[in-house]
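Below is one structure, written out as structure tokens; the observations come after it.
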Amino acid sequence: MPYANANGVQLYYEEAGRGTPIVFVHEFADDLNSWEAQMRFFSRRYRCVAFNARGYAPSDVPKAVSKYSQAIATDDIAAVMRHLKIRKAHIIGCSMGGYATIHFGLRYARMALSLTAIGAGYGSDPDKRAQFMRDTEVMAKRFDELGTAEAIKPYQVGPARVQFQNKDPHGFAHFCAEFAKHSALGSANTLRGVQAKRPTIYSLERALKKLKVPLHVVSGDEDNLCLEPGLFIKRVCPAASFTVVANTGHAVNREEPDLFNRLMAEFLAAVDTGRWRLRDPRSLVKSTMAK
């Protein structure tokens, strides 16, 4: 099996197609298989790469929590690209992977052709921050004590997952079955090292204001904890666009794959042809009348 070395940690990856590279970065509850519909669609015109984060077998599962962090998750994207001799790529990430994608753009701007962050922002609401921290530790303890299959039962039917269950029962059942196979140690360490310690979206305001890499933020309109962070990014980042998908929850690429692929195809085409532009500053005038 193909692996990329990330400072001693082996990261499993898959690739398909030729052309401009796209790197897909998965969410906490999934792995590289979450991008199957995108790998099949975009590999017709792009070189597509998806990898399992550390903690997600067959990638290595480090035992120490210190081997997991937002910075490390970001560096792992760069490690995969360097291993594959990819100088620049479009980076597309969901949820946890969306966070890593945004941080990649802030830290490795020269390696990013564009950034797409789906469902990024969970845990950013200052009014719910304490609850998020408590819930994260409770979930980590469930993995420690119950194992993955039992631990995930409340998580997989959360308020931003039921949309997927209602729309696509077969796809949702497959998602749950695959989630149940994840390493309990890897999941607990990811929760404690990455999720609980990552900075909020709002704390990135200064850096986002300076970001010039094309950024596409995507959120389901029923993903309540990610809508406001997405709107915040749109308001502060001149390179950002914000797409809200109707009647949809958290993992838009899973829940609405055809629509997501079309949206992404338009965005990538605009970037690849040089048609993407920073926000016109005239649109930021506070007056309701043109000057």
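Results, tabulated for the structure shown:
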read-out: Residue pairs meeting the criteria (Cβ under 8 Å; at least 6 apart or on separate chains; first under 15 Å from Ile152 (Cα atoms) and surrounded by fewer than 23 Cβ atoms within 10 Å (Cβ to Cβ), in the stretch 183-196; second small (Gly, Ala, Ser) and modelled with pLDDT under 95); value: none
read-out: Number of the condition not met by Lys153 [criteria: (1) in a loop (DSSP other than H, G, I, E, B); (2) within 19 Å of the chain's Cα centre (by Cα); (3) on the phi < 0 side of the Ramachandran plot]; value: (2)
read-out: Considering residues of the stretch 221-257 that are among the small types (Gly, Ala, Ser) and crowded, with 19+ Cβ neighbours inside 10 Å only, the residue farthest from the chain's Cα centre (by Cα); value: Ala239
read-out: Hits in the stretch 137-149 - residues which are within 16 Å of Lys197 (Cβ to Cβ) and buried (at least 19 other Cβ atoms within 10 Å of the Cβ); value: Met139, Ala140
read-out: Qualifying residue in the stretch 156-179 (condition: outside any loop (DSSP other than H, G, I, E, B), at pLDDT below 95 and closer than 19 Å to Glu27 by Cα); value: yes
read-out: Single condition Ile102 does not satisfy, out of (1) hydrophobic (A, V, I, L, M, F, W, C); (2) surrounded by fewer than 21 Cβ atoms within 10 Å (Cβ to Cβ); (3) touching a strand residue (DSSP E or B) at 6+ places or on another chain (Cβ under 7 Å); (4) within 23 Å of Asp31 (Cβ to Cβ); value: (2)
read-out: Selection count, the stretch 201-220, where residues are buried (at least 21 other Cβ atoms within 10 Å of the Cβ) and of a type in the set (Ser, Thr, Tyr); value: 1
read-out: Met1 being modelled with pLDDT under 95 and in contact with a strand residue (DSSP E or B) (Cβ under 7 Å, 6 or more places away or on another chain); value: yes
read-out: Matching option when the condition is within 21 Å of Tyr99 (Cα to Cα) and in contact (Cβ under 8 Å) with a residue 24 or more places away in the chain, among Ala246, Ala240; value: Ala240
read-out: Residues within the stretch 150-164 that are under 17 Å from Gly220 (Cβ atoms), free of Cβ contacts under 8 Å to residues at least 40 places away in the same chain and buried (at least 17 other Cβ atoms within 10 Å of the Cβ), tallied; value: 0
read-out: Strands (runs of 3 or more DSSP E) enclosed by the stretch 1-68 - at least 1 residues per element that are acidic (Asp, Glu), in contact with a Pro (Cβ under 9 Å, 6 or more places away or on another chain) and surrounded by 18 or more Cβ atoms within 10 Å (Cβ to Cβ); value: 9-16
read-out: Test: Gly121 is in a loop (DSSP other than H, G, I, E, B) and either among the small types (Gly, Ala, Ser) or surrounded by 24 or more Cβ atoms within 10 Å (Cβ to Cβ) (or both); value: yes
read-out: Test result for Lys85, without any contact (Cβ under 8 Å) to a residue 12 or more places away in the chain and either in a loop (DSSP other than H, G, I, E, B) or on the phi < 0 side of the Ramachandran plot (or both); value: yes
read-out: Residue check, Lys128 free of Cβ contacts under 8 Å to residues at least 12 places away in the same chain and outside any strand (DSSP E or B); value: no
read-out: One residue from Leu204, Leu191 being at pLDDT 95 or above, farther than 30 Å from Glu150 by Cβ and of a type in the set (A, V, I, L, M); value: Leu204
read-out: Any pair with Cβ under 8 angstrom, 6 or more apart, that starts in the stretch 31-59 at a residue that is of a type in the set (Asp, Glu) and ends at one that is not in a loop (DSSP other than H, G, I, E, B); value: Asp31/Glu178
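The values are calculated or read from the model by the stated rules, or taken from the named source; none is laboratory data. These numbers come from a predicted model, not from an experiment. Cβ coordinates were reconstructed from backbone atoms using ideal geometry, including for glycine residues, and neighbour counts include every protein chain displayed.
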